[in-house]
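The values are calculated or read from the model by the stated rules, or taken from the named source; none is laboratory data. What you see is a predicted model; the values in this text were computed from it and never measured. We place every Cβ from the backbone using ideal geometry, glycine too, and count neighbours over all the protein chains shown.
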Amino acid sequence: MPSPVGHVLGGLAAAFSIDIVSRQRSSDRLILACGALAAVPDIDLLVRRYHRTATHSVTAVAAVFIITAVVTGRVTRWRTATLCALAYGSHLLLDWLGADHHLPLGIEALWPFSGRWFISGLNVFRETSRLHLFTWATTLQNARTVLQEIVVLLPLAAALWLVREKSAPRLAPEVAGSHHAAQ
């Protein structure tokens, strides 16, 4: 499964994608929040026995959408909720694409509706190691994992950022929403 670095890059790529599709520019603060949200599902590592279950499910993605929609203001509610949910959901996609050697393999994506575990088997991303963290072997494995994620995901995020820079207006979403309403 990818490292936090890979997940943050995936969340940024998801946020830039929504900006491109919606032709609106999100604030830098919201973009950074999306990067952080993409790493949040691994909070379940604090309770190891539940890792890759509830926080790695479409139920959690829906909860992020609902909570964000309730918390955000009227002008940006649905777009912001979608942005945050997709950034969070990028974690599930990267884990599904990643290598996993710990049974059960993959993520319990349909929790609590199904106990089935899902993994693509493509092993696009290396697995990080959390055992014996400060040994040379683990450090080397995790460094290779992070390097691979940077090689794969940084160009993707950078390309999406460049397209966003060319296509999304420079007005803040709140101003853009008010501007369109006035026309």
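Some observations on this one:
- Among (1) assigned to a helix (DSSP H, G or I); (2) within 12 Å of the chain's Cα centre (by Cα), the one test that residue 2 misses: (1)
- Within the set 9, 45, 32, the sole residue that is under 21 Å from residue 99 (Cβ atoms) and either touching a strand residue (DSSP E or B) at 6+ places or on another chain (Cβ under 6 Å) or surrounded by fewer than 17 Cβ atoms within 10 Å (Cβ to Cβ) (or both) turns out to be 45.
- Positions within the stretch 107-137 being of a type in the set (Gly, Ala, Ser), within 27 Å of residue 32 (Cα to Cα) and touching a Phe, Trp or Tyr at 6+ places or on another chain (Cβ under 9 Å), in sequence order: 109
- Which listed residue is of a type outside the set (A, V, I, L, M, F, W, C) and surrounded by fewer than 17 Cβ atoms within 10 Å (Cβ to Cβ), from 130, 126: 130
- In the stretch 16-30, the residues that are assigned to a helix (DSSP H, G or I) and either over 16 Å from residue 166 (Cβ atoms) or among the basic types (Lys, Arg) (or both): 28, 29, 30
- Taking the stretch 50-67 as the range and being more than 23 Å from residue 2 (Cβ to Cβ) and in contact (Cβ under 8 Å) with a residue 12 or more places away in the chain as the test, only 66 passes.
- Qualifying residue in the stretch 64-73 (condition: under 28 Å from residue 129 (Cα atoms) and either of a type outside the set (Gly, Ala, Ser) or at pLDDT 95 or above (or both)): yes
- Out of 110, 105, sole residue that is aliphatic (A, V, I, L, M), out of contact with any helix residue (DSSP H, G or I) (no Cβ under 7 Å at 6 or more places or on another chain), within 18 Å of residue 41 (Cβ to Cβ) and surrounded by fewer than 22 Cβ atoms within 10 Å (Cβ to Cβ): 105
- Test: residue in the stretch 105-118 that is touching a residue at least 40 places away in the same chain (Cβ under 8 Å), among the hydroxyl-bearing types (Ser, Thr, Tyr) and either closer than 21 Å to residue 148 by Cα or in a loop (DSSP other than H, G, I, E, B) (or both): no
- Leading residue by the ranking (surrounded by the fewest Cβ atoms within 10 Å (Cβ to Cβ)) among those in the stretch 140-170 that are among the polar types (S, T, N, Q) and more than 19 Å from residue 102 (Cα to Cα): 167
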